[in-house]
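Taking it in order: structure first as structure tokens, then the write-up.
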Amino acid sequence: MKESLKKLMKVMKKSLKNLIDFNFKSIKMKKVKLENKGAEQVELKGLILGAGKGTRMNSEIPKVIHRVNGVPMIKKILNVLGEVGVLENILILGHKKEEVLKELGNVEFVVQEEQLGTGHAVMMAKEKFQNYSGDIMVLCGDTPLLKPETLKNLYLTHKKTGSVTTILTSIYENPFGYGRIVKELDKIKGIVEEKEANEEIKKIKEVNAGVYCFNSKELFKALEKVKSDNLKGECYLTDVIGIQVEEGKEVATYCLDDNMEILGVNSKVELSIAEKVLRERKNLELMEEGVILIDSNTVYIEEQVKIGRDTIIYPNTIIQGKTEIGENCKILGNTRIIDCIIGDGVEIESSVLEESIIEKNCTIGPFAHLRPLAHLKEKVHIGNFVEVKKSILETGVKVGHLTYLGDATIGEHTNIGAGTITCNYDGVNKYKTTIGKKVFIGSDTMLVAPVFIGDNAVTGAGSVITKDVPKNSLGVERNKQIIKIDWRKK
Ligand code: UD1
Ligand code: CA
């Protein structure tokens, strides 16, 4: 039995995937690819630092996999790099690397066993770049608000100025915590970390975003010379700048107007700021694509979610994971949808939907719960207090009230009466219920699985159905009613 259930799951998962692949027009990713102007080859690889513990997060979870609007921070950075066309990336991982890798899947990485600073972290990748003389864009795993345009502009500045290193910077009124960009006559002299800064330097408002374009050969040459003779006893990547300037090398900065974009997430407070920014960006993007958000302050729509035009999202709604919603739907308040595929014209009110497929023009809720692998075909109605798990409901099925359907298939236009339960579990194994087309299941029917109800059959209200009911038949299991006249008077 277990095997066959597994098979069913596989089939349903496949059908979920097929729907994702074929039924929905994917909304195009806005790409700002790096252009290859002139004859020059675009030679750029990414290096992302994510080995640190993130002590200031005060968390058991490694910092770089904390989620912002549904996506682990470090994954978000990989996505942005992907959007500008930087597809070869190396990650530096260390602290709880297994947990980080679980979130990332197949990535190229180098281990930094002991976290001795950002410079030491980059050094770990030296061998990987041995035969490479192009540029490396180094980013920290904790800056999830960077936009693709910014990375592109940083790279273009790097190329235009012909620098060995170009640093992304921005201006903060309160620059506390960031490395300061020390300049003389507009030329960068070096970067000084907050901890190492004197009062004068602390007043500098231009800060290091932690994103750089380096010529790879020059980077590793300078890194060899970086010492750890600072207050933290760490090898700072930022010290490379001072060394290169001293040696007369060309170092440039690219200063970004929007300082919010470079926010480094070091604490839970900053995490919540980043979350808010990304959520607002997502909502804006959806509205531009034609989605109606009644109150964009109270809807939480994660990064990967796709929603079609003229769908209305009411307040207090959470839409998560890889959910795709069609056009002209109505998602009313207090609904949570996770990893679902929803067709056009569906209405959902105050319900929870997980890993399910809901085809065109279904109506769901209020107070319904679709658990994983529920598949509702067109025009299905699921009403109050109905739970559906791993079941297929064919076109036009109605399940109005107080029902549990698990491991069931239900044929077209069948009506399931209030209080029906598929008794699918005997404490050890799960069993299937199969119901045909145009069946009328009377209220409060217990369908003890495995059981089969043929097309056009009827079950009597209150029946415990343990035997198959052939098509066009009535199945009823009920004691004769007893009437005792004037019983109350005795
Ligand atoms: C760093 C910069 C600072 C900049 C800020 C921007 C240095 C020395 N400082 O400071 O100038 O203003 O980012 O946000 O580079 N990491 C490792 N291995 C280590 C240490 C850190 O992989 O040994 C990783 C962390 O996981 C993190 C990133 O490097 O993703 C940055 O480390 P973090 O400690 O957050 O640096 P900041 O103090 O914020
Ligand atoms: Ca940081």
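Full extension from Phe440 to Tyr132: what is 0.36 nm times the residue separation minus their Cα-Cα distance, to one decimal in nm?
Roughly 103.8 nm would be gained on extension.
Near Asn69: Cβ cut-off under 10 Å, other residues only, Lys/Arg at +1 and Asp/Glu at -1. The net charge is +2. Taking all Cα pairs closer than 8 Å and separated by 6 or more residues, the relative contact order of the chain comes to 8 percent. Across the range 475-481, rounded Karplus estimates of 3J(HN,Hα) from the backbone phi angles (6.51 cos²θ - 1.76 cosθ + 1.60, θ = phi - 60°) give x, 9, 9, 7, 6, 5, 7 Hz, Gly and Pro being marked x. In loop segments of the range 238-304 as defined by DSSP, the GluC sites (Glu not before Pro) with at most 16 further C-beta atoms inside 10 Å of their C-beta are Glu247, Glu250, Glu289. In the range 357-455, what percentage of the DSSP-assigned beta bridges are antiparallel, given to the nearest 5? Approximately 5 percent, going by the DSSP bridge assignments.
Over the range 44-262, what is the relative contact order in whole percent, taking alpha-carbon pairs under 8 Å and six or more residues apart? Value for the range 44-262: 24 percent. Put His95, His369, His413 in order of accessible area, highest first, and with a 1.4 Å probe you get His413, His369, His95. Secondary-structure-derived ellipticity at 222 nm for the chain, considering helices only, amounts to -6000 deg cm²/dmol, per-run term -39500 (n - 2.57) for DSSP H runs with n ≥ 4.
The chymotrypsin sites (Phe, Trp or Tyr not before Pro) of the range 144-190 meeting both criteria, a DSSP state outside H, G, I, E and B (loop) and at most 14 other C-beta atoms within 10 angstrom of the site's C-beta, are Phe176. Against the main long axis of the alpha-carbon atoms of the chain, helix 148-161 sits at an angle near 20°. Could you sort out which of Lys102/Lys128; Lys33/Lys183; Lys96/Lys128; Lys306/Lys360; Lys276/Lys377; Lys360/Lys471 sit more than 25 Å apart by Cα distance in this structure? Check vs 25 Å cut-off fails for Lys33/Lys183; Lys276/Lys377; Lys360/Lys471. When you filter the GluC sites (Glu not before Pro) in the range 125-218 for DSSP loop state and at most 16 other Cβ atoms inside 10 Å of their Cβ, you are left with Glu173. Expressed as a whole percentage, what fraction of the accessible surface of the chain belongs to carbon and sulfur atoms when a 1.4 Å probe is rolled over the protein heavy atoms? Carbon and sulfur: 51 percent of the exposed surface of the chain. Centre-to-centre, using Cα atoms only, the range 107-132 and the range 164-216 are separated by 23 Å. For the chain, the spherically averaged projection of the C-alpha convex hull amounts to 32.2 nm². For the chain, the solvent-accessible area works out to 50 Å² per residue, with a probe of 1.4 Å and every protein chain left in place. Rolling a 1.4 Å probe over the protein heavy atoms leaves Met446 with an accessible area of roughly 40 Å².
Expressed as an acute angle from 0 to 90° and rounded to the nearest 10, what is the orientation of the C-alpha long axis of helix 2-18 relative to the principal long axis of the chain? Rounded to the nearest ten degrees, it is 60. Take the alpha carbon gyration tensor of the range 86-154, find the square roots of its eigenvalues, order them as a ≥ b ≥ c, and report rounded if a/c is under 1.5; if not, report prolate when a/b exceeds b/c, else oblate. Since a/c reaches 1.5 but b/c is at least a/b, the shape of the range 86-154 is classed as oblate.
Of all DSSP bridge pairs formed entirely within the chain, close to 20 percent run antiparallel.
The values are calculated or read from the model by the stated rules, or taken from the named source; none is laboratory data. Quick caveat, the model's predicted, so the values are computed rather than measured. No Cβ is skipped: glycine too gets one built from the backbone with ideal geometry, and neighbour counts run over all protein chains shown. Remember, those area values only see protein heavy atoms, side chains included, never the ligands or the DNA or RNA. Shrake-Rupley method; radii C 1.70, N 1.55, O 1.52, S 1.80 Å.
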